[in-house]
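In what follows, a single structure is set out as structure tokens and then discussed.
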Amino acid sequence: MKKAFLIFLFLSVLAAALISLGRNLSSSSFENADELHPSVSNEHYDDVATAADTARIKILGYDRDGNGVRDDLDSLIDAKIPDSPEKRAAYRYLARAIQNQWNAFYENPQMTYEEMHPYAVFTSLGIELIGELNAEVNLDFSLFEASLLNTLERVMFSDEIDRIFVGKYLPVAVKSDRQYSDLVSLGMGAFNEILEQERMK
């Protein structure tokens with residue numbers, strides 16, 4: 001009887017400890033807004049922002065210079081690639097392509113695969129450019145991706161977009177695929193504009 005009581009007492013204490021640990025993990029990791037990777041995010045939310053503004057910013061972030069790239073990603077690219085306008089342009093092109101996709105999906109969460117497909121082509125082109133220019137030597141792609149998805153809201157938002165492509169054809173190696181020639185031409189035009197701006201810095 002005494003042994004059974006001790007086992008019951010041990011299990012009760014263990015259960016209480018696990019519940020307390022779960023609460024601590026939940027509050028520290030997810031309830032408090034924001035940063036799954038605090039070391040790679042430098043965003044701050046204005047006190048005067050409305051609830052709708054704050055929700056939007058937590059996903060789309062700030063773009064104070066209006067270059068189509070989230071400010072925290074801009075800072076990361078500049079910090080990691082100070083000496084190569086070509087490599088900066090590749091990463092900045094990809095960041096802008098993803099931001100354009102996110103902006104579109106934020107405004108219309110009911111977008112279809114056909115509507116999202118061109119954005120996926122532009123994103124694929126950006127990844128190709130980063131590989132061709134060997135830009136990962138300066139900025140590891142995993143760090144870029146961690147910075148891109150540095151809040152719980154962004155992880156969940158990106159997952160919603162990914163679901164559109166489940167079971168569908170995802171474009172890869174788009175530069176060598178004739179069916180994407182028009183979109184690749186548009187994307188390369190945008191890349192060259194970014195490159196020209198980077199060379200003037």
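The values are calculated or read from the model by the stated rules, or taken from the named source; none is laboratory data. What you see is a predicted model, and the numbers here were worked out from it, not measured in a lab. Counting neighbours? That spans all protein chains shown, and the Cβs are built from the backbone with ideal geometry, glycine included. These accessible areas exclude ligands, DNA and RNA; they are computed on the full protein's heavy atoms, side chains included. Shrake-Rupley method; radii C 1.70, N 1.55, O 1.52, S 1.80 Å.
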Sequence of THR151, THR123 from largest to smallest accessible area, 1.4 Å probe:
THR123, THR151
Exposure ranking of LYS175, LYS87, LYS168, LYS201 by accessible area [1.4 Å probe, largest first]:
LYS201, LYS168, LYS175, LYS87
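What number in nm² do you get for the range 84-201 if you take the convex hull of its Cα atoms and divide its surface by four? Provide the component values of the computation, followed by the final result.
On the way: hull surface 30.6 nm².
Computed as one quarter of the Cα hull surface, the answer is 7.6 nm².
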What net charge do the residues around ILE59 carry, taking every other residue with its C-beta under 9 Å from that of ILE59, with Lys and Arg at +1 and Asp and Glu at -1?
+2
Quick one: order ASP65, ASP177 from most to least accessible surface, probe 1.4 Å.
ASP65, ASP177
With a sphere of radius 12 Å drawn around the Cβ of GLY189, what net charge do the other residues whose Cβ falls strictly inside it have (Lys, Arg +1; Asp, Glu -1)?
-3
At 1.4 Å probe size, what's the solvent-accessible area of VAL137? Round to the nearest 10 Å².
100
Counting heavy atoms of the protein chains only and a 1.4 Å probe, report the per residue accessible area for the range 70-201 as a whole number of Å².
50
